[in-house]
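Worksheet: one structure, shown below.
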Amino acid sequence: MKRIAQKVMTLSAAVAIAATAVIFPAPHAQAHAPLIAFPEIGIQFNADGNAGQCGGRTGEQWHLDENWTEAIRFDTDSRPGGCRLAFGIYDPEDDLAGASVTYTFQSSPGGNPAQCGNQGTHQMPIQRTRTFGPSIRIDTDNRPGGCKLTFALSSPFRMGISVDYSSDGNRGQCGNALPSPGFPSPVDNSRAVTIDIDTDDRFGGCQLQLRLDLL
């Protein structure tokens, strides 16, 4: 993206100026790098019952583009409660103006829809403040079926989101997952990515990480 590339060049130049100032300091002045802010992707993940069902990094987290979020872990089963999950993108300087990112949450065909709270297509807000979109609720257990979570985007420039979804137990609980982390699926203008969540009393759970990719 042209604007992001320009900001990187500006930041590099500022760092070089600051380094020169350290070697040859001005007698009555101090060089300061300009404050340059870059977009970040955020996840909010919390339990509303037995906290052991919602592991990994809980609470709120934000990460710069090209950096992975810390893994969150779904392991909802017959224990009380479930996990609440929301997403957002922090864009302090409107670098992503014109882009749209959504997450769609729905029950699997033939599944019990009560396991998937707040179904529908939700906007991942892209704002100058750190803001999350609507919260979805995951409470899959031994009832039939599970939940589908789909990430999609539309952008006038080159932009992507990488989805890393993996199983750490019975893979049947984590549809479209690979057995270990490190094999991300890209979301872009031509490709949405869907993960299936069907954790129950089988062994293990599912881990999810996201990365904002500004090219």
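The values are calculated or read from the model by the stated rules, or taken from the named source; none is laboratory data. Just so we're clear, the structure is a prediction, and the values are computed from it rather than from any experiment. Note that each Cβ is placed from the backbone with ideal geometry, even for glycine, and that neighbours are counted across all protein chains shown. Heavy atoms of the whole protein, side chains included, go into the accessibility calculation; ligands, DNA and RNA do not. Shrake-Rupley method; radii C 1.70, N 1.55, O 1.52, S 1.80 Å.
Summary table
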item: Matching residues, region 69-89, being surrounded by fewer than 21 Cβ atoms within 10 Å (Cβ to Cβ), touching a Gly at 6+ places or on another chain (Cβ under 6 Å) and without any contact (Cβ under 8 Å) to a residue 60 or more places away in the chain; result: PRO80, GLY81
item: So ALA97, is it among the hydrophobic types (A, V, I, L, M, F, W, C), open to solvent by 20 Å² or more (accessible area, probe 1.4 Å), over 29 Å from ASP201 (Cα atoms) and assigned to a loop (DSSP other than H, G, I, E, B); result: yes
item: Wholly within region 100-199, strands (runs of 3 or more DSSP E) carrying at least 1 residues that are touching a Cys at 6+ places or on another chain (Cβ under 8 Å); result: 100-107, 136-138, 147-154, 159-167, 193-197
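Rundown of residues vs (1) closer than 28 Å to SER78 by Cβ; (2) open to solvent by less than 20 Å² (accessible area, probe 1.4 Å); (3) in contact with a helix residue (DSSP H, G or I) (Cβ under 6 Å, 6 or more places away or on another chain), yes/no style:
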residue	(1), (2), (3)
PHE105	yes, yes, no
GLY111	yes, yes, no
ARG130	no, no, no
THR140	yes, yes, yes
MET159	no, yes, no
CYS174	yes, yes, no
VAL187	no, yes, no
LEU208	yes, yes, no
